[in-house]
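Novice: This is the structure I have questions about; it appears just below.
Every read-out reported here was derived from the displayed coordinates using simple, explicitly stated rules and does not represent laboratory data. This is a predicted model, so every value here is computed, not measured. Note: ideal-geometry Cβ built from the backbone for every residue, glycine included; neighbour counts use all protein chains shown.
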Amino acid sequence: MISFLSKSPFLHRNILSVKQFTRSELHVLFGVAQEMRTIVERQGGIQLLQGRVMCSAFFEPSTRTSGSFEAAMVRLGGSVVKVDSSTSSVVKGETLSDTVRTLGCYGDVLVVRHPSPGSAEIAAKYTKIPVINAGDGIGEHPTQAFLDVFTIREELGTVNGLTITIVGDLKNGRTVHSLVKLLCNYDVTLNYVSPDNLKMPEEVKAEVAKCSSIRQTEYPTIESVIESTDVLYVTRIQKERFTNLEEYESTLGTYIVTNSIMTKAKPHMIVMHPLPRVNEIAVEVDFDQRAAYFRQMRYGLYVRMALLALVVGHDVKM
Ligand code: NCD
C-alpha cells in the first residue's frame, strides 16, 4: 500500500477527463482499489487520510457518486464537508467560481458535479486544491468510467478481447462518453444500440476512432448483438437533458432488458448500469447472477477510496 501511494501518479492532480491518464496509471489505480477491497472486507477501513477534508459541491442530483465519495473519505479516516445548490449561497446567486474559491479554503480535495460541460475544468482554475469531476453535464464522468472498467476486470478477469454493447441514451449519457474514451486503452469491440435521436455524438466516435485497438459499430436492436456480447452496459434516457418532454416520452421504453433477452446471452455475460435505472432493466433481471449493476456500486466505493488516497494522501504513514 505505502509503496503504491509513495509514487502516486495521481498526487495533487485534477481528475477532469479520462483522457488525462495512461494505461499504466490506471493499473496503479486498480491495484490500490483491489487493496482497498481487501481492507474494507477485513476491517472496514484504514486511517490513511486522518485530518484531511474532502469538500463536495453537487449542483445536480446524486445518490451513488456523492454517497460513495463520502463513504470512501470516511473509510479512509477523513472528513467531508458538503454543499448543494438548494441550501448553499448558490440560491442567493453566488457563482461556481466563488463557491469553488470558498471550498478551496476549507478542504484538501474538491468533488464537483455541475450541469455545464467543461464546468469542472473551469472550477479547477479557481482553486489550488485538486478538483475531481463528478459529472459535468453531458460532458464526462471520469470516476464512473474508472469504476466501470474496474468492474469489468473484477468480474471477467480482463478487458482485452471483449465485446461491449452500450445501450440507451448515448447522446446525453456522460458515463458512456467517458467509458468509451477510457476503453481506448484496451483492445475491445464496441456495439452502440440507441434510438436514432440519441446516437453516440460524432465527436466522441471520432475520438475513439483514433484508437487503433477499437472497433465501433451502431446497431438498431439489442437482439442483433446479444449473442456475441460480453458486457451489456445499459443506460437511462437522460430526461433532464430534453427540452421537449414528448421526445423523451417517445424514446422511453425503446430498449428494455428482460429475462427473455437474457436467455440469448452468453452464460458469463455481465449486465452493467451506472444507475439510477428507470425502466430499462426489468426488475426480474436483478435475480440473474449476470446482473452486475449492484456489485458495480460496491466496486465504486473501492475505486473512489483508491483515487482519494492517491490524489490526497501519499505522505500519510500507516
Ligand atoms: C449517472 C450520472 O449521474 O451521470 N449516475 C451516476 O453517476 N452513477 C447516470 C445517470 O444519471 O443516468
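Novice: Can you list the lysines whose alpha carbon is less than 24 Å from that of residue 7, not counting same-chain residues fewer than 8 positions off?
Specialist: The reachable lysines, counting only those whose Cα sits under 24 Å from residue 7, are 19, 128, 317.
Novice: Excluding same-chain residues fewer than 8 positions from residue 264, which aspartates and glutamates have a Cα within less than 15 Å of its Cα?
Specialist: The reachable aspartates and glutamates, counting only those whose Cα sits under 15 Å from residue 264, are 223, 227, 230, 288.
Novice: Okay, next question. Rounding to the nearest 20 debye, state how big the charge dipole of the chain is about its Cα centre with +1 on each Lys and Arg Cβ and -1 on each Asp and Glu Cβ.
Specialist: 1040
Novice: Would you mind counting up the charge near residue 161? Only other residues with Cβ under 11 Å from its Cβ, with Lys and Arg at +1 and Asp and Glu at -1.
Specialist: -2
Novice: Let me ask you something else. Taking the Cβ of each residue in 249, 60 as the centre, tally the other Cβ atoms inside 10 Å and list the residues starting with the fewest.
Specialist: Placing the least packed residue first, the sequence is 249, 60.
Novice: Suppose the chain between residue 283 and residue 158 were pulled fully straight at 0.36 nm per residue; how much longer would it get relative to their current alpha carbon spacing?
Specialist: 42.2 nm
Novice: While we're on this one: Taking the Cβ of residue 92 as the center, what net charge do the other residues with Cβ under 15 Å away carry, scoring Lys and Arg +1 and Asp and Glu -1?
Specialist: With Lys, Arg at +1 and Asp, Glu at -1, the net is -3.
Novice: To the nearest 500 deg cm²/dmol, what mean residue ellipticity at 222 nm is calculated for the chain from DSSP H runs of n ≥ 4 alone, each contributing -39,500 (n - 2.57), summed and divided by the residues?
Specialist: Taken over the chain, the calculation gives -11000 deg cm²/dmol.
Novice: Alpha carbon centre of region 236-304 versus region 125-159: separation in Å?
Specialist: 19
Novice: Antiparallel DSSP bridges in the chain: what percent, to the nearest 5?
Specialist: Rounded to the nearest five, the antiparallel share is 0 percent.
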